[in-house]
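Please treat every number below as a calculation from the coordinates, not as lab data. Everything numeric here is computed off the predicted structure, so don't read it as measured data. Cβ sites come from the backbone with ideal geometry, for glycine too, and all protein chains shown count toward neighbours.
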Amino acid sequence: MPAADLDLAFAALGDPVRRALLSRLAHGDATVGELAEPFDLTQQAISHHVGVLRRCGLVEQRREGTRRPCRLKADRLALLSTWIDDQRRTWDDRLDALERHLTGDGAAR
Amino acid sequence: MTTADLRGDELIAARHLPADAERVWTAFTSAAGIAAFWGGSHATVAPESVTVDLRVGGEFALDTRAPSGATRRLRFLYVRITAPHELVFDEPVTGLRTTVTIRPTGDGTDLTVHQRRLPPELRTRQAADGLASILDALATYLENP
């Protein structure tokens, strides 16, 4: 995932409503009206948040007759966790190597 | 043993090391030390590629070589230097900020590496908890499609 896309996706997740929308969509597709139900927000406000999530690729919306259900793009979300896992793995490896370096130095003294 | 977690808005790796603080500090701030461990287990760092200008505003840089032969130049700018306890540096390309903290213990040192990269909007506890919950939701989703 290019860095600019990561910026957009992480920025989109910086809003509690948008995170709640993704959590809801993790349990199944839903229309904007259905998404709005648990919130004290207008459908327009929910539409705005869905738009932000669509633009960064975390959500897609399709047409089914008169309904326009939203779907979580889990593969896209997985890219974010992959980025985090990569960082974690890099430092795990690096600290293993540091420990070997320090232990080796100690033995050589 | 390393613990490495996404905790709040930070990635934190922590490790107890059987060496005194001065030696750990030297490993992080000398060309020989950086060459020895910066590549981790999957990349090598040629000692002659490492440059260190240890002053605030100075940089250290190195080439990593992956098993495929691909090399990458990494550069980091020193932001804060408090020998031998704290080292803060930024990667100018990504804005990634790394803070290395070295604390002496009875039999060695406790080393902590904090990494921050998330954009300003996410640098709140609430947002970080939210991100963690998103990843939990993802795991739940993947387990129960």
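One table, with the values for the structure above:
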{"quantity": "Distance between modelled label sites at A:LEU79 and B:LEU54, nm, 7 Å Cα→Cβ extension", "calculated": "4.0"}
{"quantity": "Equivalent ellipsoid, chain A (semi-axes from 5 times Cα gyration tensor eigenvalues, Å)", "calculated": "43, 13, 11"}
{"quantity": "Residue with peak Gaussian network fluctuation, chain A [Cα springs, cutoff 10 Å], from A:ARG67, A:ARG54, A:ARG18", "calculated": "A:ARG67"}
{"quantity": "Pairwise label distance in nanometres, B:LEU74 with A:ARG62, each label 7 Å out on the Cα-Cβ vector", "calculated": "4.2"}
{"quantity": "Test item: A:82-94 mean partner chain Cβ contacts at 10 Å", "calculated": "6"}
{"quantity": "Contact order normalised by residue count of region A:3-103, Cα under 8 Å, 6+ apart, percent", "calculated": "25"}
{"quantity": "Pairwise FRET efficiency - A:ARG55 versus B:ARG116, Cβ, R0 = 35 Å, nearest 0.05", "calculated": "0.90"}
{"quantity": "Nitroxide proxy distance, nm - points 7 Å out along Cα→Cβ at B:GLU86 and B:ALA46", "calculated": "3.7"}
